[in-house]
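Following: one structure in structure tokens, then a few remarks.
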Amino acid sequence: MHVASGEYVRPEVKVGIERLRLYTEAHKASVGDPEIIRRAKCLENFLKNNTIFIQDGEIIVGNHGEEPDVLCLYPEMGFFPTIDLVESDAMPDEYRDEAREIAMYWKPFGLQDKCTPYFSKEEVDSSLPWGIVETPPYVANYMNTCPPYMSIMEDGIEKRIRWCEEQIEKAFEQLRAYPWNGEKNLPLLDKIDVWRAMIIAGKAVVTWARRYSRLA
């Protein structure tokens, strides 16, 4: 983190390249798919191929960095914090050029470029300096989300996957029904993409968890 007096982070902490590579690899390979499917495939590629490890005494596992003291970047979020870390001392010199190229690739696809057009120039100019108001979450690279942990613990991800599959089946039944009602049916197309993305992501998380169970 940058503050007026410098940075408050241990100098041995570095920024990794693995997540950047895996996300970009999947995103480029999925050109033509709906954007939500592309994002799910990015997550899938990462969770199936990222480096995993369990440290001594660790009870909760799931570090996204390839090593304990390595941070990963989220280029699909804010461009400014991504490029800021790429150009910082935390990014190893041998990865900097590649990381910069990846950051620029993601710029038009990231939340920052997607969200900024919905604000006026005055609103953007007043919020970006991080002075009067807090920088918008889509720029600052974080989100205040609260997943339904209890529900997931009770149902399990595999049950959620089955639910999505059932919703897709019901949607196709409605799409094939006669007479065809465009007002009711057209919104189902986007919903099917969402459910398919949820299935891809859910199965990837299950695979990721099993990788850790085998490692343990």
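The values are calculated or read from the model by the stated rules, or taken from the named source; none is laboratory data. What you are looking at is a predicted structure, and each value in this text was computed from that prediction instead of being measured. Every residue, glycine among them, receives a Cβ derived from its backbone with ideal geometry; neighbour counts consider all protein chains shown.
Checked against the criteria, residue 82 does not count as more than 23 Å from residue 50 (Cβ to Cβ) and β-branched (Val, Ile, Thr).
All of (1) surrounded by fewer than 18 Cβ atoms within 10 Å (Cβ to Cβ); (2) part of a helix (DSSP H, G or I); (3) in contact with a helix residue (DSSP H, G or I) (Cβ under 9 Å, 6 or more places away or on another chain) hold for residue 84 with one exception: (3). The one condition from (1) more than 25 Å from residue 139 (Cβ to Cβ); (2) assigned to a helix (DSSP H, G or I); (3) touching a residue at least 40 places away in the same chain (Cβ under 8 Å); (4) among the acidic types (Asp, Glu) that residue 66 does not meet is (2). Taking (1) touching a helix residue (DSSP H, G or I) at 6+ places or on another chain (Cβ under 7 Å); (2) of a type outside the set (Lys, Arg); (3) modelled with pLDDT under 95 in turn, residue 102 satisfies each apart from (3).
May I ask you to verify whether residue 147 is within 20 Å of the chain's Cα centre (by Cα), of a type outside the set (Lys, Arg) and closer than 26 Å to residue 205 by Cα? Criteria met by residue 147. Restricting 53, 46 to residues that are of a type in the set (Phe, Trp, Tyr), under 28 Å from residue 213 (Cβ atoms) and touching a Pro at 6+ places or on another chain (Cβ under 8 Å) narrows the list to 53. Inspect the range 144-167 for any residue being surrounded by fewer than 16 Cβ atoms within 10 Å (Cβ to Cβ), modelled with pLDDT of 85 or more and closer than 16 Å to residue 19 by Cβ and give the result as yes or no. No: the range 144-167 contains no residue that is surrounded by fewer than 16 Cβ atoms within 10 Å (Cβ to Cβ), modelled with pLDDT of 85 or more and closer than 16 Å to residue 19 by Cβ. Scanning for something surrounded by 14 or more Cβ atoms within 10 Å (Cβ to Cβ) and small (Gly, Ala, Ser), does the range 102-115 turn up at least one residue? There is at least one residue in the range 102-115 that is surrounded by 14 or more Cβ atoms within 10 Å (Cβ to Cβ) and small (Gly, Ala, Ser).
If you go through the range 33-49 one residue at a time, do you hit one that is in a loop (DSSP other than H, G, I, E, B) and loosely packed, with under 13 Cβ neighbours inside 10 Å? Taking every residue of the range 33-49 in turn, none turns out to be in a loop (DSSP other than H, G, I, E, B) and loosely packed, with under 13 Cβ neighbours inside 10 Å.
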